[in-house]
Structure formats: structure tokens, C-alpha cells
Amino acid sequence: MPSASPLLLIDGLRFAYPEVPLFDGLSAQVPSGATLVLGGDSSGKTTLLRLLAGELALGSGQLALQGVSLQSAPADYRARVFWGDPRSGTLDEQGVQDWLAALPARYPRFDAGALARHIEGFDLLEHLSKRFLMLSTGTRRKVWTAGALASGAALTLLDEPVAGLDKPSIQYLQQALAALAGEVDRAIVVAHYDALV
């Protein structure tokens, strides 16, 4: 059962790109469990996730995750967050197995059993020996999502997680998110254009 107290506090967040204001005093409380950020293309969903991850600098406002402030303890805050863009080329030369094997050192609550279930659920076994650049868009996203869900990070941010996925993988993702929705010490924030039902 998710906790009644919020894991993430957003207070007075302001952010704008040049000539394009996006957030003006956004305040919210993100509880444990799964939260959906719903919006169409170019509505600011990815930007919001990047702000919550501490990847983009806030114009103003405060973020606190499990009581840790991004402004006063940025390294500690970011260490509690799983975020990244599976479309990025930064992992192209890295092996899938090597990337997955490095995650437990970064995330102390990493769940190896969960990773094994996600590898099976997303049908990834045959891809573990490949480099990221050899993967299709959908398979790359499945590997990334498997790592994210197994990370145990206090805040896990998933941007358009079904993009490029086949129907069985979408169904598995829905089941995996439903299972994580009951965790009391994790918040999974999913940005998507519909309700993922």
C-alpha cells in the first residue's frame, strides 16, 4: 500500500525555454506508487522529468526527494533518481550485459531477482550479449526499462515507455507497473500521452 506522505515535494517550480514559458509556480506532492504525467506532444512532459531528475536547472522553486533537497544536496538527490533517455547515443558502444551489471553499484536497492523477471518478461535474453547500437528502438527501450524497474531508485522516471514496444511487451510493462504501484518507498513517474490502459 503506498505511503500517505509524499516521496517527492515540488514547490513553486518555474522553468522556461527562451520565449517559451512552461512552468510558472508548479507545486505538487508525488506519493509513493505510480504517477502518470499526461499530455500531448510538446506539452513539457519530458522537460518536467528532466527537471525532476536534476538534469535541467530550475528557473526557481524547490525539489525534495525523501526529504533531500536538490538545491542543498544535489549529488544525494540525484543518487536517488533513475533517469535517462534510451534514445540517447551515449550507450551505443556499451554492452547490454555490462550496463545492467553496473547498475547495482549505483543503486543500493537494486533487485537482481526483479531484473531477471523483467529480462524474461520483455524477452531480452537473446539481446544480453549485444551492444546497444545493435538493438532496435523497442529492444533498447525494453533494456532501459528493465534496468529502471529493477533499480530500486526512490524516484524512477519513465518517458513514453511504450514507444517502439510490441503488444506483449506493453502488456508486460503494464503488469510490472501495477506490481510496483504498491511499493511504499518508491515513486514511479511515467510521462505518456494516454493512460496506458
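Things to note:
- Over the chain, relative contact order from alpha-carbon pairs under 8 Å, at least 6 apart, %: 30
- Summarising the overall dimensions of the range 69-149 from its C-alpha atoms, the Rg and Dmax are 13.5, 44 angstrom.
- Projected label distance in nm at residue 109 and residue 181, using a 7 Å step from Cα toward the beta-carbon: 1.9
- ³J(HN,Hα) computed for each position of the range 141-146 - Karplus, 6.51 cos²θ - 1.76 cosθ + 1.60, integer Hz, glycine/proline x: 5, 5, 4, 4, 5, 4
- Taking amide H as placed 1.01 Å from N in the peptide plane, the amide H of residue 37 sits under 5 Å from that of 190, 191, 192, each at least 5 places away or on another chain.
- Around the amide H of residue 130, modelled in the peptide plane, lie the amide H atoms of 96, 97, all under 5 Å away and 5 or more residues distant in sequence or on another chain.
- Here the simple spin-label model places points 7 Å from the Cα toward Cβ, and for residue 11 and residue 85 these points are separated by 3.1 nm.
- Percent accessible area from carbon and sulfur atoms, the range 30-123, protein chains only, probe 1.4 Å: 51
- Residues of the range 26-147: accessible area per residue with a 1.4 Å probe, Å²: 50
- Neighbourhood charge, 13 Å Cβ-Cβ cut-off, centred on residue 138 and excluding it, Lys, Arg +1 and Asp, Glu -1: +2
- For the range 102-108, Karplus couplings with θ = phi - 60° (6.51, -1.76, 1.60), whole Hz, Gly/Pro x: 7, 5, x, 5, 8, 10, x
- Label point 7 Å beyond Cα of residue 120 along Cβ direction - residues of the range 137-165 with amide nitrogen under 18 Å: 143, 146-147, 149-151
- Model label zone, residue 20; criterion: amide N under 13 Å from point 7 Å along Cα-to-beta-carbon; scope the range 33-61: 41-48
- Cross-link reach list, aspartates and glutamates versus residue 167, counting only Cα pairs under 20 Å and skipping chain neighbours closer than eight places: 120, 123, 126, 159, 194
- For the options 149, 157, 26, a Gaussian network treatment of the chain with springs between C-alpha atoms closer than 10 Å singles out 26 as fluctuating the most.
- Principal semi-axes of the equivalent ellipsoid, √(5λ) from the alpha carbon gyration tensor of the range 98-197, are 19, 18, 12 Å from largest down.
- Couplings 3J(HN,Hα) for the range 152-159, derived from phi with the Karplus relation 6.51 cos²θ - 1.76 cosθ + 1.60 (θ = phi - 60°), are x, 4, 4, 10, 10, 10, 10, 9 Hz, where x marks Gly and Pro.
- Solution diffusion estimate, µm²/s, Stokes-Einstein, the chain, Kirkwood Rh from C-alpha pairs, 20 °C, viscosity 1.002 mPa s: 124
- Neighbours of residue 61 by Cβ distance under 9 Å: Lys/Arg scored +1, Asp/Glu scored -1, total 0.
- Cα gyration tensor category, rounded, prolate or oblate, for the range 144-197 with a/c compared to 1.5: prolate
The values are calculated or read from the model by the stated rules, or taken from the named source; none is laboratory data. Keep in mind it's a predicted model, so treat the numbers as computed, not measured. All Cβ positions, even for glycine, are placed from backbone atoms using ideal geometry, and neighbour counts span all protein chains on display. Just the protein is used for accessible areas: all its heavy atoms, side chains included, with ligands, DNA and RNA removed. Shrake-Rupley method; radii C 1.70, N 1.55, O 1.52, S 1.80 Å.
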